[in-house]
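Each remark here refers to the structure printed beneath this line.
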Amino acid sequence: MDFQLSDEQILLRDTTRDVLSRSYDPESRLKTLDTELGWSRDVWQQLAEIGILGLGFDEDAGGQIEIMVVLTEIGRRLAPEPVVHAALAPGALIAELGSDEQKSLLDDVAAGQKLLAFAHSEPGMRTATGAVATTAVQQGDSWVLSGRKNPVLAGDCADTLVVSAALPQGGTGLFLVDAAAATRHSFRTFDGQRGAQIDLDQTPAQPLGDAADASDAIQGAAIRIQSALCAEALGAMEESLRLTTDYLKTRKQFGVTLNTFQTLTQRAADMYVSLELARSMNLYAAMSIADGNVDPLIAARAKLQIARSGRHIAQEAIQLHGGIGMTAEYPVGHYAARLTAIEHTLGSSQDQLHVLMDGLGYYEVVTL
């Protein structure tokens, strides 16, 4: 099995890294987060120009490995642009289920002209496979939706919403909703991202493709989102470790640099072990999807290890930096916040354990 990136994937990685490095340093990122939008439309357009916003929409536009490569760079730079939530994840659902007319929307999404959001999570929902309370009712040839979606990441700025709702005949369908027709309550998450609560009250909607049960597609979308977030977390962990080791090499205590203290270097080495565990599981999840194996158990294994590694690296990075690690001006605390947010998106590490426990019945029991 080849674990090396192709020349095209390396070029995509380097181009993404170059764009984000020129666009963001810790100070400029904080200024961007304080704007009303919370991210830069100029950077968004640059990402569109290099083809990032259309990844995964068709076979020729790249797949999960390319998404993994891009999201790792986004995590490394803590770029606030909602690439997954406003483009790739809902766009992939439209590409999978939509009619030809609906798929034409993806051209504007890939060009950076239209923003999407996947409105599936509801208050009290722990994982993406939970039943939804939002209902869909057919009125003649049209449909209306009623319910509440929260949190909807990138829902504050989306032009079109991909909304899940319970169908009259049973199952969960997907619908396209004009975001202007819904009531939105925008908010800022603790890691600097943006989201919204979406209230639907007899809101007009258009079925995504046929008005049929889309539970498998929803689960597949959640698995792809988890894989992308794992890649973003990996980039954040890599940079957290780099910042920490650089700090240990330069910060002096008792007249010597901190890396001369064996206990501190051992703790940094443990961070590296956690990083490599996360790297292998991130690659495992992305390669499985790329091979057509969209398995919730694989996604749960990867998310669990990413969550554990992320928590360990984030906590140690702050501890080894001391007081400076908690300041708003220094990036380590922001990496910790983003890693924490990723852990709790689409199910925490505890929720992933329950997924794995529920899957024990798929394995044969070994008897001696």
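Restricting attention to the stretch 159-179, the residues that are part of a loop (DSSP other than H, G, I, E, B) and open to solvent by 30 Å² or more (accessible area, probe 1.4 Å) total 5.
Residues in the stretch 193-203 that are open to solvent by less than 10 Å² (accessible area, probe 1.4 Å) and not aliphatic (A, V, I, L, M) were compared, and the one that is farthest from Ala86 (Cα to Cα) is Thr203. Considering every residue within the stretch 111-123, establish whether at least one is under 24 Å from the mean Cα position of the chain (by Cα), modelled with pLDDT under 95 and of a type outside the set (Gly, Ala, Ser). There is at least one residue in the stretch 111-123 that is under 24 Å from the mean Cα position of the chain (by Cα), modelled with pLDDT under 95 and of a type outside the set (Gly, Ala, Ser). With respect to the stated conditions, Gln315 is assigned to a helix (DSSP H, G or I), modelled with pLDDT of 95 or more, of a type in the set (S, T, N, Q) and over 18 Å from the mean Cα position of the chain (by Cα). Residues that are among the hydroxyl-bearing types (Ser, Thr, Tyr), assigned to a helix (DSSP H, G or I) and at pLDDT 95 or above do not occur anywhere in the stretch 249-264. Among the residues of the stretch 288-310, just one is open to solvent by 40 Å² or more (accessible area, probe 1.4 Å), among the aliphatic types (A, V, I, L, M) and part of a helix (DSSP H, G or I), namely Ala290. Filtering the stretch 30-66 to residues that are open to solvent by 20 Å² or more (accessible area, probe 1.4 Å), aliphatic (A, V, I, L, M) and over 26 Å from Gly98 (Cβ atoms) leaves Leu30, Leu37. Restricting attention to the stretch 14-29, the residues that are open to solvent by 70 Å² or more (accessible area, probe 1.4 Å) and either farther than 14 Å from Ile74 by Cα or not in a loop (DSSP other than H, G, I, E, B) (or both) total 4. Among the residues of the stretch 327-368, the one identified as acidic (Asp, Glu), modelled with pLDDT under 90 and assigned to a helix (DSSP H, G or I) is Asp358. Output yes when any residue across the stretch 208-219 is under 26 Å from Ile74 (Cβ atoms), of a type outside the set (Val, Ile, Thr), at pLDDT below 95 and in contact with a helix residue (DSSP H, G or I) (Cβ under 8 Å, 6 or more places away or on another chain), and no when none is. No - not one qualifying residue is present in the stretch 208-219. Phe190 fulfils the conditions (1) at pLDDT 95 or above; (2) surrounded by fewer than 16 Cβ atoms within 10 Å (Cβ to Cβ) except for a single criterion, (1).
Scan the stretch 262-272 and give yes if some residue there is hydrophobic (A, V, I, L, M, F, W, C), within 27 Å of the chain's Cα centre (by Cα) and open to solvent by less than 60 Å² (accessible area, probe 1.4 Å), otherwise no. Yes, some residue in the stretch 262-272 is hydrophobic (A, V, I, L, M, F, W, C), within 27 Å of the chain's Cα centre (by Cα) and open to solvent by less than 60 Å² (accessible area, probe 1.4 Å).
Somewhere in the stretch 180-192, is a residue assigned to a strand (DSSP E or B) and closer than 23 Å to Asp216 by Cα? Within the stretch 180-192, not a single residue is assigned to a strand (DSSP E or B) and closer than 23 Å to Asp216 by Cα.
Looking at the stretch 129-152, which of its residues are of a type in the set (A, V, I, L, M, F, W, C) and either out of contact with any helix residue (DSSP H, G or I) (no Cβ under 9 Å at 6 or more places or on another chain) or surrounded by fewer than 24 Cβ atoms within 10 Å (Cβ to Cβ) (or both)? Across the stretch 129-152, the qualifying residues are Ala131, Val132, Ala133, Ala136, Val137, Trp143, Val144, Leu145.
The values are calculated or read from the model by the stated rules, or taken from the named source; none is laboratory data. These numbers come from a predicted model, not from an experiment. Please note: Cβ atoms are built from the backbone with ideal geometry, for glycine as well, and neighbour counts cover all protein chains shown. Areas reflect the complete protein model, heavy atoms only, side chains present, ligands, DNA and RNA absent. Shrake-Rupley method; radii C 1.70, N 1.55, O 1.52, S 1.80 Å.
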